[in-house]
Amino acid sequence: PLERREHLADFWRLHRNAKVYMHTAAFDIAVSEAAGGNEKGGELHAMIAEGLVLDVSILYRLWQGATVGTMPPKFNLALISHELLGTELEKDDAVRLDFGRFLSQDSVDYAGIPSEHLAYAVRDAIATYQLGVSLEPLCRKIHEQRIGPASADPDGREFRYGLLGHDIQLKAEIALKTIERNGIGVDAQAVSRLAASLDERIAACRNVLAIYGYRPGVKGNK
């Protein structure tokens, strides 16, 4: 059955102990929060803390970094699917960017969503899952070659940082995307006071330099 946004919180509660694969998880988590499916400190946040949420785009970048030595500049779902699964995902903007018209005042017109839109969403979900089950063992093999199995890791690095550092990368992306959406609060008056204070210090330093003959922008500097 089609999962409705009003059921999203219950969905996460029912799948509290499941492993979840996402692509660009920071975005998906923000969407879940906006739909009321992930309150602060809720199940999804606990799953992230316990390493149950794996972002295939992060795993792909870490795998590339560990095998090729550089991070790929592009890591969208269609590109990764083509490279690792040999499948072509259609990214038709007429469908991909068209879901918003079915949302009106926090209510979704599920009956009005065409079959091609539903098929698009399903294909993405299937590809994400297939990439997850493909990339996780690839990353684990490298991880165990370099560090050893989690049970033999005396520093507990996998527990603290995740597979090839995945978990700490995911938390960092979530934090940075949150800052990107919300912005950073700035005390404008404090900035003005600091700027004025710095201007005074710069002027004083310039006066000292001038005594020794250094006057930027003036001819005749010694």
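The values are calculated or read from the model by the stated rules, or taken from the named source; none is laboratory data. Here the structure is a predicted model, which means the values were calculated and not measured. Virtual Cβ from ideal backbone geometry, glycine too; neighbours counted across all protein chains shown. The accessibility values were calculated without ligands, DNA or RNA, using every heavy atom of the protein model including side chains. Shrake-Rupley method; radii C 1.70, N 1.55, O 1.52, S 1.80 Å.
Brief remarks on what is shown
- Taken across the range 20-33, residues that are among the small types (Gly, Ala, Ser) and part of a loop (DSSP other than H, G, I, E, B) do not occur at all.
- Qualifying positions in the range 168-222 - among the polar types (S, T, N, Q) and closer than 30 Å to residue 44 by Cα: 169, 178, 182
- Qualifying residue in the range 63-73 (condition: touching a helix residue (DSSP H, G or I) at 6+ places or on another chain (Cβ under 8 Å), polar (S, T, N, Q), assigned to a helix (DSSP H, G or I) and more than 24 Å from residue 174 (Cβ to Cβ)): yes
- The range 106-150: number of residues that are exposed (fewer than 14 other Cβ atoms within 10 Å of the Cβ) and among the acidic types (Asp, Glu): 3
- Residues in the range 77-107 that are part of a loop (DSSP other than H, G, I, E, B) and free of Cβ contacts under 8 Å to residues at least 40 places away in the same chain: 86, 88, 89, 90, 91, 92, 97, 98, 105, 106.
- Top-ranked residue in the range 1-27 [being of a type outside the set (A, V, I, L, M, F, W, C) and closer than 15 Å to residue 59 by Cβ; ranked as most open to solvent (accessible area, probe 1.4 Å)]: 19
- From the options 180, 200, residue that is over 30 Å from residue 25 (Cα atoms), open to solvent by 100 Å² or more (accessible area, probe 1.4 Å) and among the acidic types (Asp, Glu): 200
- Some residue of the range 158-173 being among the hydroxyl-bearing types (Ser, Thr, Tyr), over 25 Å from residue 34 (Cα atoms) and surrounded by 13 or more Cβ atoms within 10 Å (Cβ to Cβ): yes
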